[in-house]
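For reference, the structure is listed below as structure tokens.
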Amino acid sequence: MKLTLGEICRLAGGDLEGDPDLPISGVGKIEEAREGELTFIANPKYLKYLGRTKASAVIVPRDAPPAPSHSLIRSDNPYFVFMKALILFNPPEALYGRGIHPAAIVGQNAKLGKDLSIGPHAVIGDGCSIGDGTVLGAGVFIGNGSSVGRECILHPHVSIREKVIIGDRVIIHNGAVIGSDGFGFVPEEGVYHKIPQVGTVVIEDDVEIGANVTIDRATLGETRIKKGAKLDNLIQVAHNCSVGEHTVIAAQTGMAGSTTIGNHVRIAGQAGFAGHMSVGDGAVVAAQAGVVKDVPPGEMVSGYPARPHREELRREAAGARMPEMLREIRALKKRLDELEERMRKSGC
Amino acid sequence: MKLTLGEICRLAGGDLEGDPDLPISGVGKIEEAREGELTFIANPKYLKYLGRTKASAVIVPRDAPPAPSHSLIRSDNPYFVFMKALILFNPPEALYGRGIHPAAIVGQNAKLGKDLSIGPHAVIGDGCSIGDGTVLGAGVFIGNGSSVGRECILHPHVSIREKVIIGDRVIIHNGAVIGSDGFGFVPEEGVYHKIPQVGTVVIEDDVEIGANVTIDRATLGETRIKKGAKLDNLIQVAHNCSVGEHTVIAAQTGMAGSTTIGNHVRIAGQAGFAGHMSVGDGAVVAAQAGVVKDVPPGEMVSGYPARPHREELRREAAGARMPEMLREIRALKKRLDELEERMRKSGC
Amino acid sequence: MKLTLGEICRLAGGDLEGDPDLPISGVGKIEEAREGELTFIANPKYLKYLGRTKASAVIVPRDAPPAPSHSLIRSDNPYFVFMKALILFNPPEALYGRGIHPAAIVGQNAKLGKDLSIGPHAVIGDGCSIGDGTVLGAGVFIGNGSSVGRECILHPHVSIREKVIIGDRVIIHNGAVIGSDGFGFVPEEGVYHKIPQVGTVVIEDDVEIGANVTIDRATLGETRIKKGAKLDNLIQVAHNCSVGEHTVIAAQTGMAGSTTIGNHVRIAGQAGFAGHMSVGDGAVVAAQAGVVKDVPPGEMVSGYPARPHREELRREAAGARMPEMLREIRALKKRLDELEERMRKSGC
């Protein structure tokens, strides 16, 4: 596939500075792109690598200096333009065949939309609803009474339990489990008794959920993942949690019951949240942080127990000086001993 | 569905203080319950919210003050009574159809009990035994020679490997894997050679196992989860571990090989255990703790490396004072400098 | 099954010191082995237990003292000899039936090798290639255009996504997902836009991958797990990572995008790696470590943020002395106060 740089610029955005007729054969990372390819520089500090790339054209920030050696596309968000170009050269393929595979099983009173792709051994329970253009991979399980919106992709082996509600354009990767029972028990005479988990899970539009993620249904009410949130692999969301709009959560993070994460929050990998926490809009949580107190909007926290990141860095730095502090305390003691001795001798 | 408060009290327990004929239409959390519903207060410090709830009746601790505005049910364990009421209003439904689905596959010499529910694409290996009333969801896999007891529920996509033994009334959530090979290798000339994992896994009665949990089979002997233990989602139990009776473990906790957890232990999320650890009965392990030494019975540990929680709190508090300590050491130095200077001048 | 000690020694290696005709009925751990069985001592400090074992023969390090009570096999690597003996007594069984199960589904233009075992409900996509002697358990999914080498074992419910390349003798445990989309988004006006993940995953020969592991495909290029690497359960490998040859990684470890782990690295459980990290050959990473800086070859790191293990231990030790430091600073202050007072009084 070949496109001219002018066509790419028109379809992907940005302002062209160079040859609109330049033929482009593909896209690549700056260190791997070959002649005839398009690459990008999102961070101005990498502009120094411009001279070294073999790529013929480069997407750069709007204020980048001119580069006589390359055709440029200028943009406020070079990575966004690059993403669009990447799609041009890799148009979405139908991963899984169209139609309903004869080895799929569809329950009673299920409402099936148009243009579906339902793979072999998929199971759609009684009373389910599946929206137009949705793809259910091989072996996907949809429990009784659940609904999946339009143009979703549920990859093979996804489990959606009963009475779960999934919006439009949701992507769920292999092995994820949505709607398993919340972890709720009452101790009575040394034995734990299961509390029925009669709530549900709601996944709003444009959410993406990674492989082998687990999202538990609520005890009462709902667990909710809001519009545009993106969850990486192996994340645990406990019963009655809520994850805000356009919030991104990296892999292996876990949150205990009834925790509420705000909108536009960014959470790094392996972070943990105690139950009933509240994390404000725009907050940032560092990797492996252990959040046991509410996080105000816009705050960045790190460490265990998680505290404002600046404070954590100060502690970190002070921690490095502890051996020195021990030495200094010892030296002070010695000087005091000597002073006291001298005063005793001099009879002061 | 409607029940009178008197009927609920008779079926769920507790002592009624109020109108036995009060019709109750459902149950809810204190802040969400509506008029005509029943709620509960387990912790006396929330009794102040009693005035605000819209619920018509409230389950309270035995020593709660009288509340003229509401009918009360008094109990030593209000949450337990609430759980029973929740079950009354949400009687367990058959999630998955009864009988053996024609698209299930049953191996040779399998012993199948009565009243089974075996979903589509479930696979039961040769020589397996499945007890009366057990439910195997869609796509559940049971390896050759494994046995599952009575009245178990294995949700869709659960994998039970070969020769695993599962007791009665065990619940296993979607995607959990029981009996995968332990992680055992012998290094020889820079290459790791796999040690065959010829042991097994035993899951005792009344255990619940969360979604996408992994429990490895023993190298020799067995990995064992004892009666009534409850494991949350995404937990790792390595080969030859043992988890005690009525022990609860929160999500994403992991234990390395041959670790033994006692009875009635409580472990919070994302905790980790080195291999060959021993954790005594009734111990408590905080979230994200890293256990690298044995934990005595009844001890609460936290931090990395995990230590008695009080000691960890003292360290935490001292850590907060490190910048202050640095300042104080500097001040002491200055005062000593001055003293020494004065003594030098005064000729002492 | 019975073998003589002489036969075992000939087949498993080591030098015999004792009765070659001794009949051996099985193998066991030192504390569990019974009369007539063979056990081993790998670590010289456990030689003291030799007197207590009921086993009739023991594999010991070459320099162990003679033991008149037992027949011995001497070896430079007793555990390796034991592993070989374990295989002799537990020859690999065909876990899953031979042939292609009629309920498996094979796509168009798939190239299938000889002597396959393909379980019920396995799905092999269009254009796949499966090498001779490979086993695909029940419900295994292989996406379009992927290839799996010879003599692999993919346990039930493994998901291999499209265009993934898997070498020979690879073992993948239940529920693992290979080739899910990398976690890549471009923020633009407060919304995250998905970056198509058009790269792949390459798993080289002799790799073992644990249950419910997730390995994401690259954005561009490849994610690669090199020859002989062993990954435990529930591990996350993000897009564009590379794991070196004969590297072992314990359960629940996670690495963010584009991180490169060298050869012969050992990583303990629940460790985390930030993106774009580089870990040198032969490095060791402790459990729960949070790696946010490159690790040089051969270095052992621990803690969060991960630092050289010796430094971490020094900090740990100093941390334990903080309450004492606080007390000492207070004592020094008091002594200074007194000195200053005395000098003031004595008019120095």
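Just a few scattered comments:
- Residue match in the stretch B:173-191 (condition: under 12 Å from the mean Cα position of the chain (by Cα) and of a type in the set (A, V, I, L, M, F, W, C)): no
- Hey, C:Gly175 buried (at least 24 other Cβ atoms within 10 Å of the Cβ) and closer than 25 Å to A:Val213 by Cβ or not: yes
- With respect to (1) over 18 Å from the mean Cα position of the chain (by Cα); (2) hydrophobic (A, V, I, L, M, F, W, C); (3) buried (at least 22 other Cβ atoms within 10 Å of the Cβ), the lone exception for C:Val285 is condition (1).
- Looking across the stretch A:125-147 at every residue that is facing chain B (nearest Cβ under 10 Å) and among the β-branched types (Val, Ile, Thr), the one that is nearest to C:Gly119 (Cα to Cα) is identified as A:Val140.
- Filter result for A:Ile8 (farther than 23 Å from C:Gly184 by Cα and at pLDDT 95 or above): no
- Residues in the stretch A:304-314 include none that are more than 10 Å from chain C (Cβ to nearest Cβ), of a type in the set (Ser, Thr, Tyr) and out of contact with any Lys or Arg (no Cβ under 6 Å at 6 or more places or on another chain).
- Residue count for the stretch C:113-127, restricted to those that are of a type outside the set (S, T, N, Q) and out of contact with any Asp or Glu (no Cβ under 9 Å at 6 or more places or on another chain): 9
- Among the residues of the stretch B:235-255, those identified as more than 22 Å from B:Phe185 (Cβ to Cβ) and aliphatic (A, V, I, L, M) are B:Ile235, B:Val243, B:Val248, B:Ile249, B:Ala250, B:Ala251.
- Residue tally, condition closer than 14 Å to B:Lys163 by Cβ and touching a strand residue (DSSP E or B) at 6+ places or on another chain (Cβ under 7 Å), over the stretch B:203-223: 7
- Residue that is more than 30 Å from A:Gly97 (Cα to Cα), in a helix (DSSP H, G or I), out of contact with any Gly (no Cβ under 8 Å at 6 or more places or on another chain) and basic (Lys, Arg), where the choices are C:Lys54, C:Lys84, C:Lys48: C:Lys48
- Among residues that are within 30 Å of the chain's Cα centre (by Cα), outside the structural domain of C:Asp132 (by TED's automatic domain parsing) and in a loop (DSSP other than H, G, I, E, B), C:Asp115 is not included.
- Test for B:Glu32: is it within 14 Å of another protein chain (Cβ to nearest Cβ) and crowded, with 17+ Cβ neighbours inside 10 Å: no
- Test for B:Gly167: is it more than 10 Å from chain C (Cβ to nearest Cβ), in contact (Cβ under 8 Å) with a residue 60 or more places away in the chain and not aromatic (Phe, Trp, Tyr): yes
- Count - residues of the stretch B:213-263 that are acidic (Asp, Glu) and buried (at least 24 other Cβ atoms within 10 Å of the Cβ): 2
- Scanning the stretch B:57-81 for residues that are in contact with a helix residue (DSSP H, G or I) (Cβ under 6 Å, 6 or more places away or on another chain) and either facing chain A (nearest Cβ under 10 Å) or assigned to a loop (DSSP other than H, G, I, E, B) (or both) yields B:Ala64, B:Ala67, B:Val81.
- Within the stretch A:1-24, the set of residues being over 17 Å from A:Tyr79 (Cα atoms) and in contact with a Cys (Cβ under 6 Å, 6 or more places away or on another chain) is empty.
- Unique residue being among the β-branched types (Val, Ile, Thr) and within 30 Å of A:His173 (Cα to Cα) when the list is A:Ile59, A:Ile30, A:Ile24, A:Ile73: A:Ile30
- Answer residue from the stretch A:181-195, given it is assigned to a strand (DSSP E or B) and at the interface with another protein chain (Cβ under 7 Å from one of its Cβ atoms) and is farthest from B:Asn174 (Cα to Cα) among those: A:Glu188
- Filter pass, B:Asn174 being in contact (Cβ under 8 Å) with a residue 12 or more places away in the chain and over 27 Å from A:Arg161 (Cβ atoms): no
- Listed by position, the strands (runs of 3 or more DSSP E) contained in the stretch C:200-277 that have at least 1 residues being more than 14 Å from chain B (Cβ to nearest Cβ), more than 21 Å from A:Leu231 (Cα to Cα) and modelled with pLDDT of 95 or more are C:200-203, C:222-225.
- Residue within the stretch A:92-100 that is at pLDDT 95 or above, farther than 30 Å from B:Gly97 by Cβ and under 30 Å from the mean Cα position of the chain (by Cα) present: no
- Test: residue in the stretch B:167-180 that is at pLDDT 95 or above, part of a strand (DSSP E or B) and more than 19 Å from B:Leu234 (Cα to Cα): no
- C:Glu311 surrounded by fewer than 18 Cβ atoms within 10 Å (Cβ to Cβ), of a type in the set (D, E, K, R), at pLDDT below 95 and more than 30 Å from C:Gly262 (Cβ to Cβ): no
- Selection count, the stretch B:148-164, where residues are more than 20 Å from the chain's Cα centre (by Cα), more than 9 Å from every other protein chain (Cβ to nearest Cβ) and part of a loop (DSSP other than H, G, I, E, B): 5
For (1) closer than 27 Å to C:Ala238 by Cα; (2) among the acidic types (Asp, Glu), each residue gets a yes or a no:
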position	(1), (2)
A:Gly254	yes, no
A:Asn263	yes, no
A:Ala320	no, no
A:Glu324	no, yes
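- Answer from C:Val58, C:Val123 - the residue that is assigned by TED's automatic domain parsing to the domain that holds C:Pro20, in contact (Cβ under 8 Å) with a residue 12 or more places away in the chain and on the phi < 0 side of the Ramachandran plot: C:Val58
- Every listed requirement among (1) modelled with pLDDT under 95; (2) hydrophobic (A, V, I, L, M, F, W, C); (3) under 24 Å from A:Ile87 (Cα atoms) is met by A:Ala67 save one, (3).
The values are calculated or read from the model by the stated rules, or taken from the named source; none is laboratory data. These numbers were taken from a predicted model, which means no experiment stands behind them. Counting neighbours? That spans all protein chains shown, and the Cβs are built from the backbone with ideal geometry, glycine included.
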